[in-house]
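See structure below.
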Amino acid sequence: MSLLVAPSILSADFSRLGEEVRRAEKAKADWIHVDVMDGHFVPNLTIGAPVVKSLRGTTDLPLDVHLMIEDPDRYLSDFANAGADYITVHQEACTHLQRTLSHIRSLGKKAGVALNPATSEETLHYVLKDIDLVLVMSVNPGFGGQKFINEILPKIKRMRALLDQAGNTEARISVDGGITLDTAKLVAENGACVVVAGNSVYGAPDINKAIADLQATPRPAFNQSADKLKQTIS
Ligand code: DX5
Ligand code: ZN
């Protein structure tokens, strides 16, 4: 099974976002990653639910919405109604994380949790069964084009072990930030099955090759527990 690739539209040309999404779809991307920033949780501002709704009309690919916002509960139904497939909140932004994850699932969406580089996988110990996706951040969120932080690699492996021990073998681990062919290989070796890639996809001279090369990253046999979902959602 290949690595799933979710191009991040943060690195796309915002003046023609629909075309940029279709360009990634034509290049056989697996998901589209949408970075939502509020200027509080992270020091940058991007887009909201109306843009997700517009993008929903341009692609059939799963929309992987990464909420880098404080108090995300206020906006969950907006993003669900806009057509998000995965809704990922930050562990650091949720006081009542279990409630938030249940809320996302009750809206009929896949529930994701993102962990900043300094946040331990152990913080998810009591919500392991409430998770469909863990987004391990390999940069401090807020900007594209940052350098991959190597220290997060053991976190991926430990996170995979915790999910499997809890019987949640279907939950996926995605890694976001500074993904290149080299770092994709490292995260796959440690148990990731999805990579988010901004600059290395939208900044590449040939988007088809950039996506195909990332997808061709070898994944060790142990790291395939979530693959059976591939047919159903992607
Ligand atoms: C960072 C965002 C990422 C970003 C990745 O805050 O969450 O999704 O777009 O961009 P690259 O791949 O360029 O590091
Ligand atoms: Zn992101």
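The values are calculated or read from the model by the stated rules, or taken from the named source; none is laboratory data. Keep in mind the model is a prediction, meaning the values are calculated, not measured. Here the Cβ positions follow ideal geometry from the backbone for every residue, glycine too, while neighbour counts run over all protein chains shown. To get the accessible areas, we keep the full protein, side chains included, count just its heavy atoms, and leave off ligands, DNA and RNA. Shrake-Rupley method; radii C 1.70, N 1.55, O 1.52, S 1.80 Å.
Worth pointing out:
- Pick from the stretch 190-205, criterion in contact with a helix residue (DSSP H, G or I) (Cβ under 8 Å, 6 or more places away or on another chain) and of a type in the set (A, V, I, L, M), ranking: farthest from Glu19 (Cα to Cα): Ala192
- Where Ala93 falls short, out of the listed (1) more than 22 Å from Ala49 (Cβ to Cβ); (2) surrounded by 21 or more Cβ atoms within 10 Å (Cβ to Cβ): (1)
- Scan the stretch 1-28 for residues that are away from ligand 1 (no atom under 12 Å from the Cβ), open to solvent by less than 10 Å² (accessible area, probe 1.4 Å) and closer than 15 Å to Asp64 by Cα and the total you get is 3.
- Subset of the stretch 139-161 [assigned to a helix (DSSP H, G or I) and open to solvent by less than 20 Å² (accessible area, probe 1.4 Å)]: Ile152, Lys155, Ile156, Met159, Arg160
- A single member of Val195, Val127, Val136 is within 16 Å of ligand 1 (Cβ to nearest atom), free of Cβ contacts under 8 Å to residues at least 60 places away in the same chain, open to solvent by less than 40 Å² (accessible area, probe 1.4 Å) and out of contact with any Gly (no Cβ under 8 Å at 6 or more places or on another chain), and it is Val136.
- Per the conditions (1) away from ligand 2 (no atom under 16 Å from the Cβ); (2) open to solvent by less than 50 Å² (accessible area, probe 1.4 Å), the sole criterion not satisfied by Arg56 is (2).
- Considering residues of the stretch 33-52 that are more than 11 Å from ligand 2 (Cβ to nearest atom) and in a strand (DSSP E or B) only, the residue surrounded by the fewest Cβ atoms within 10 Å (Cβ to Cβ): Leu45
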